[in-house]
1. Would you confirm whether or not the stretch 143-153 contains a residue that is at pLDDT 85 or above, surrounded by fewer than 17 Cβ atoms within 10 Å (Cβ to Cβ) and closer than 16 Å to residue 237 by Cβ?
2. For the stretch 339-413, list the helices (runs of 4 or more DSSP H) that sit wholly inside it and hold at least 3 residues that are closer than 21 Å to residue 72 by Cβ; which are they?
3. Taking the stated definitions as given, is residue 414 closer than 30 Å to residue 513 by Cα, at pLDDT 90 or above and either under 30 Å from the mean Cα position of the chain (by Cα) or surrounded by fewer than 17 Cβ atoms within 10 Å (Cβ to Cβ) (or both)?
4. Are there helices (runs of 4 or more DSSP H) fully within the stretch 1-98 with at least 1 residues that are within 18 Å of residue 223 (Cβ to Cβ) and either in contact with a helix residue (DSSP H, G or I) (Cβ under 9 Å, 6 or more places away or on another chain) or at pLDDT below 90 (or both)? List them.
5. Go through 159, 121, 133 for me and flag whichever is more than 19 Å from residue 239 (Cα to Cα), touching a helix residue (DSSP H, G or I) at 6+ places or on another chain (Cβ under 7 Å), touching a residue at least 12 places away in the same chain (Cβ under 8 Å) and surrounded by 17 or more Cβ atoms within 10 Å (Cβ to Cβ).
6. Give the residues of the stretch 222-238 that are out of contact with any helix residue (DSSP H, G or I) (no Cβ under 8 Å at 6 or more places or on another chain) and surrounded by fewer than 11 Cβ atoms within 10 Å (Cβ to Cβ), sorted by residue number.
7. Yes or no: the stretch 467-487 includes at least one residue that is closer than 26 Å to residue 343 by Cβ and out of contact with any strand residue (DSSP E or B) (no Cβ under 6 Å at 6 or more places or on another chain).
8. State yes or no: is residue 168 in contact with a strand residue (DSSP E or B) (Cβ under 7 Å, 6 or more places away or on another chain), buried (at least 23 other Cβ atoms within 10 Å of the Cβ) and in contact (Cβ under 8 Å) with a residue 40 or more places away in the chain?
């Protein structure tokens, strides 16, 4: 109703609500665009990003890019190309990202977090390649990593950085390139490196001798900014830096509507320039399309039929984006309760629950040592829904079938992970029906997996509780494959296996059964051939 007086405080409350909704929508839009970016759709994603208020959301954009890059280091060059385009129009965003990246490198280095260090320096290398930051930072990074007493981890990180940025350094700054390689030569000559680190450095030398053949500075499809439009920042690894984390959280803006109008004007200017550049390319494409249309005039009927054709995307872009989101969510959580709450906010399509379970296990396996964080997280999801419990059940079967492909550290983490969910009865013990403990049906990897699994179960449950569980009469069919009774050879193998890992007590019933099946006086470890020889000897003595 027009003409009705609205008190000032009511108008202010309404404005704050609209502003808060606008902020939440901005955050969702930026995260969605960054997560779906690829080399093929980079141009379109950039245009969609400029439609959003990047001045207000610059902190959100930087945070989203950094999380996405850590989750998928293989996309580092794509995200660096995205930042390069945005930086050419809005340099404040490039500067903010670099400052945060420098702080992240410092923290990862101080914590000796090699995995994070490798991911972040790869991102930094591609930003150097895109000329978002000067090559001086390359010297500073090498000095920080190798200036003191280099370790196996710092050498690996330094080699990874030079592999990505070496082609540019060789082309634009031969002096910097030579200084860096002199540092590597000095380290090799001192002879304090481990064999693996020495091999990494030697492979880098070989790459340098070939002038980084096959490793272009920037891929053609990612080179979107003209050299005269690039804005390069001077950021040092050793400067005092303000990451401006306040930009990542909502804060009321007293001039909200005015700020929006200002960005609208800036957006029209930016998109106008972008459209002019694309018009020339589109004109050429249109000419080619017109020629093709002239040849296809006779196929109009077929085209009408094709309008109803459903196009399926088999590139699994959505799946990759989902896995990156799950990974970033887990890595950014302080505890398993926070991780569980955040993961439940992710909207999953029917059937994608398995991807969530797989990512939890993969994140667990990637850790240097097992963290109970992941076991508690899986326990929560098993309690939430029968669907997740069935997914983890299927995951156990898949993991055991492919356990021979895992490295020892990942194998250990996976075994301890499943031991946790089994000990808490989150996972049904019927999964052991898929494990047949015989010499023919196991490999060295599967035996190590089972050894760690049962030892961890014994530690968490106690020997008595574990024995009671395994001797439960209602579960006899399930555990029949672990304690086989079909042949003495298989019975002996099971007994010897559990005895060798310090859990011989749980095979007491199997020992008694084996003793009953054999003739009196025969030891458990005797073979059939030895028993027959003793019988013949007794017959001869009787004669």
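The values are calculated or read from the model by the stated rules, or taken from the named source; none is laboratory data. Treat the numbers as computed from the prediction; the structure is a model and nothing was measured. Here the Cβ positions follow ideal geometry from the backbone for every residue, glycine too, while neighbour counts run over all protein chains shown.
1. The answer is yes, given that some residue of the stretch 143-153 is at pLDDT 85 or above, surrounded by fewer than 17 Cβ atoms within 10 Å (Cβ to Cβ) and closer than 16 Å to residue 237 by Cβ.
2. In the stretch 339-413, 353-366 are the helices (runs of 4 or more DSSP H) which contain 3 or more residues that are closer than 21 Å to residue 72 by Cβ.
3. It is false that residue 414 is closer than 30 Å to residue 513 by Cα, at pLDDT 90 or above and either under 30 Å from the mean Cα position of the chain (by Cα) or surrounded by fewer than 17 Cβ atoms within 10 Å (Cβ to Cβ) (or both).
4. Details: elements: 8-36, 42-51, 58-71, 76-89.
Once the helices (runs of 4 or more DSSP H) in the stretch 1-98 are filtered for at least 1 residues that are within 18 Å of residue 223 (Cβ to Cβ) and either in contact with a helix residue (DSSP H, G or I) (Cβ under 9 Å, 6 or more places away or on another chain) or at pLDDT below 90 (or both), what remains is 42-51, 76-89.
5. 159
6. Across the stretch 222-238, the qualifying residues are 226, 227, 228.
7. No - not one qualifying residue is present in the stretch 467-487.
8. No, not satisfied.
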